[in-house]
1. Applying a 10 Å radius around every beta-carbon, put C:152-164, C:92-104, B:120-132, B:97-109 in order of their mean neighbour count, most first.
2. What residues have an amide H closer than 5 Å to that of B:Gly76, excluding those fewer than 5 places away on the same chain, when H is modeled at 1.01 Å from N in the peptide plane?
3. Where the centroid of each part is defined by its Cα atoms, how far is the stretch C:154-198 from the stretch B:249-300 in Å?
4. In Å, what Kirkwood hydrodynamic radius results for the protein assembly as shown from the alpha-carbon pair distances?
5. Out of the DSSP beta bridges found with both residues in the protein assembly as shown, what percent are antiparallel (nearest 5)?
6. May I ask for log10 I(q)/I(0) of the stretch B:140-286 at q = 0.16, 0.17 Å⁻¹, from a Debye sum over the Cα atoms as equal point scatterers with solvent left out?
7. Compute the acute angle (0 to 90°) between the alpha-carbon long axis of helix B:105-119 and the principal axis of greatest extent of the alpha-carbon atoms of chain B; round to the nearest 10°.
8. What is the distance in Å between the Cα centroid of the stretch B:8-24 and that of the stretch A:9-34?
Amino acid sequence: MQMTLSEIPWGLVAPILILQFILIVVALIDLVRIEATNGPKWVWAIVIVLGNLIGPIIYFAVGRNAQ
Amino acid sequence: MTGTIHVENLTKKFGQETAVEDVSFTLTPHTATALIGPNGAGKTTTLSMLTKLLDPTSGTIVVEGRSDYDYRDKIGFLSQYPKFYGWMNTLEYLEMAARLSGVDAKSARVESEKALQFVGLGDVMKKKIAGFSGGMRQRLGLAQAIVHKPHFLFLDEPVSALDPIGRREMLNLIKELQQSTTILYSTHILNDAQEMTDQLLFMRKGQLIEQGSLRDIQKKYEDAHYEVHFTTAEDAASFVDASLLPARQEDHIVYIAIEQEQPTMQEVLHQLVRQQHAITKVERARVSLEDIFLKVVNGR
Amino acid sequence: MNQFSVLALKEWREVVRSFKWLWIPIVFILLGIMEPVITYFLPQILESAGNMPEDAVFQLPDMTPEQIFLSTLGQYQFIGMLVVAFAFSGLIARERKNGTAAFLYVRPLSYPSYVLSKWAVSSVVLIGSFILGISASAYYIMLLFGEFSFTNFLGLVGVYSLWIVLAISLTLLMSALFTPGIATALSLFLIVFFPMIDGLIFRYWPYTPWKLANYAGMIMVGEASTSDVVWTIAIAVLLIAVCVTLSILISKRRAASVTI
């Protein structure tokens, strides 16, 4: 049984994708606004975008704790 | 009593180290006192005890006639490098400062706006602090120290980190505040102290080694002399040989020591005229605060 | 009370402007719904990954709703607690180290209000996030795996919420005691690592508060011993009170170490 696009229950999966997207966007907005991060900002931008769910979490938990 | 602090035999030890030793002084209303000393002299420790951040090991601080009570609503403090919550806006920050110093909810807004107007931040009340320059931060720091109308203002190196314009603005503000508060500030920039001081406190290695008004201290440490500039070193040398004055020559300049107002300027000029050397400048040099500082701090 | 409301407003503003109000609930919701979805579609996912011998047979055991709840709690115990340790261990320590607290400590500050404002706002954010997350999880579990006992679910929510309050109390105490780096490290030990080894160390003592998360799961499955749970709850409440009281006393004593 090969799963095709139409077989994916989008109603169930969509919230996951939407929330992940919101998380990434919020992290990026915060990254732009914040004074300084723990390490260079561009590295955090990559972590946030490529890090899937964990990327934004690591950014919020560790990255923005500079000051 | 309002606006008066007596500090008596204040001592602070950290383990074996004595940071402040047996310091006594009095602050009187509407005066500015400069706390002067090299780094590590105990200035910040002294201020920390006055703000009740630190408890003294011994000694008393008598504030407006009483000791051993929480007088913190009567003081304002500006630290050397004031740090702020960058995500707050100016007005929110100041209102919080006012409320925590006991200003009631109704007046906090008005008092905050007044303080911000006073320090020149009236047009950035809704701006986030994060984007502020060093000068703006220092002025905001001053605003949080005065928003509750304290009787005493303690400022730790209030202008040291500022550029000349920022420094001028701060000094003018502090001078104005002197009308209504008792000010104690630490500094290592002696020009500021010279400009804005009723009393000087010199600290070294935790001890208060000299105190008094600027004029008294200047008098005490005065090493007054005349300075005569000749056009050539030969002229200078021949003047020293010919005159009977206590003179010392260095290249084309002659220094004549003054002791008990002798010799007088007239006598010096008289001799100069008699010898007919070409001179470019004659002046009575006064000792600067810088010189006094070096003398006091290096142990005379 | 006056100071408490002023300081709680400050903490709340920080929660809003640092996006904690948004990202922490999203993390709990995502963890909550990914667990049932991934478990449910695991067979298809494995098959579509291909490269499997034709005759390989996947016999995944049928999962009960309760088991999915357990694995969701597992996610919260790991990633959720990592978030607590990292995002909240600086509450006192960082503002003391970077000097932002200096203007608080030179004022006639009420330290109970100071500590309780941080404790209350953090607890609200984390319990709110957890309840949103576990509810989303429950919804998905019901859709994909079937019905479960709602009473047991409420028990799970209550007991795990208490664990969250304990976790934030321990973290706050570390923050009052130490510098930011050490506070984070010790918080990680106390709320992420220690619950894992608690079963080994206190094997025969059922009342350690670090077993709360386990009990939350066991209540869901319906296997919890009531007396064990009640005693553990009582001890946890006591420990929370001790942590908060100590945090108040210590943050006052250590105010002088603020950077000025």
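The values are calculated or read from the model by the stated rules, or taken from the named source; none is laboratory data. Keep in mind it's a predicted model, so treat the numbers as computed, not measured. Neighbour counts run over all protein chains shown; Cβ positions are idealised from the backbone, glycine included. When the accessible area is computed, the model is the full protein with side chains, heavy atoms only, and any ligands, DNA or RNA have been set aside. Shrake-Rupley method; radii C 1.70, N 1.55, O 1.52, S 1.80 Å.
1. Numbers: C:152-164: 20.4, C:92-104: 22.2, B:120-132: 15.1, B:97-109: 18.8.
With the highest mean Cβ count within 10 Å placed first, the list reads C:92-104, C:152-164, B:97-109, B:120-132.
2. Excluding prolines and chain starts, which carry no amide H, the hits are B:Phe152, B:Leu153, B:Phe154.
3. 73 Å
4. Details: mean 1/r = 0.0341 Å⁻¹.
Evaluated over the protein assembly as shown, this radius sits at 29.3 Å.
5. Values: 35 of 53 bridges.
Rounded to the nearest five, the antiparallel share is 65 percent.
6. One equal scatterer on each Cα of the stretch B:140-286 leads to -0.87, -0.92.
7. 30 degrees
8. Cα centroid to Cα centroid, the span is 57 Å.
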